[in-house]
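The values are calculated or read from the model by the stated rules, or taken from the named source; none is laboratory data. As the structure is a computational prediction, the values presented were derived from the model and not from experiment. Neighbour counts run over all protein chains shown; Cβ positions are idealised from the backbone, glycine included. All accessible areas refer to the heavy atoms of the entire protein, side chains included, with ligands and DNA or RNA removed. Shrake-Rupley method; radii C 1.70, N 1.55, O 1.52, S 1.80 Å.
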Amino acid sequence: MTLPQIQIARAHWLLGALFLAIILEEYLPLLTRDGRRARSRSTLVPWALMVGGAGVWATCVFADILHDMLIHFLWGDLLFAGGALELVRRRGVYDRPWLDGVMPFVFVGCGLLFLVHERLDPSGQGAHWHLAMALLLIAAGTLEFIRVGCAERR
């Protein structure tokens, strides 16, 4: 069973909206009274990553091309693992310094998978969308890696 192009486009819009909501919720400045950035403890972002991962895994069922199946399977793994690690960090269950790099790693990883997806099918209908998402996610992840690195040095 293959899906019509309009349903595929809707799935891409949903994934894009998910990443936009995560970036806005996570990275809009939450300042404390003394002017420092507050650390988010909301579990919305980790759960959104895990739900998004499950949705991307579901795409493997409807994909009719092997590279689409592989890319979406890796996306699902990355999103689900990132969401689970971020959830335990925010709940305080598992506190390790390297957990601060999980979200930037997920963003850069998803951006790289978007690039691979776009390179495998450069004439596809969503090629420009994949390229835009790739560049935005890689930029967001890289900037967050820099911020996390600078915060550790203080």
_Separation of the Leu135 and Leu112 label points, Cα + 7 Å toward Cβ, nm_ = 2.0
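Compute the accessible area per residue over the stretch 33-154, keeping the other protein chains in place, probe 1.4 Å, unit Å². Walk me through the numbers before you get to the answer.
Working: 7050 Å² over 122 residues.
Per residue, the stretch 33-154 has an accessible area of 58 Å².
For Arg147 and Trp57, FRET efficiency with R0 = 35 Å and r from the beta-carbon atoms, rounded to 0.05? Show your work: numbers first, answer last.
Details: r = 30 Å, r/R0 = 0.86.
E between Trp57 and Arg147, to the nearest 0.05, is 0.70.
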*15 Å reach of a label modelled at Arg91, 7 Å along Cα-to-Cβ, counting backbone N of the stretch 49-83*: 49-51, 81-83
*asked:* If you average the C-alpha positions of the stretch 134-153 and of the stretch 54-123 separately, how far apart do those two centres end up, in angstrom?
replied: 17
*Where does each of 91-98, 12-19, 130-137, 45-52 land if you order them by average Cβ count within 10 Å, highest first?*
45-52, 130-137, 12-19, 91-98
*Quickly rank 111-119, 62-70 as a protection proxy: mean count of other C-beta atoms within 10 Å, highest first.*
111-119, 62-70
*Scaled to the compact-protein estimate 2.2 N^0.38 Å, what is the alpha-carbon radius of gyration of the stretch 5-153, rounded to two decimal places?*
1.08
*Given labels modelled 7 Å from the Cα in the Cβ direction, how far is it in nm from Asp121 to Asp77?*
2.0
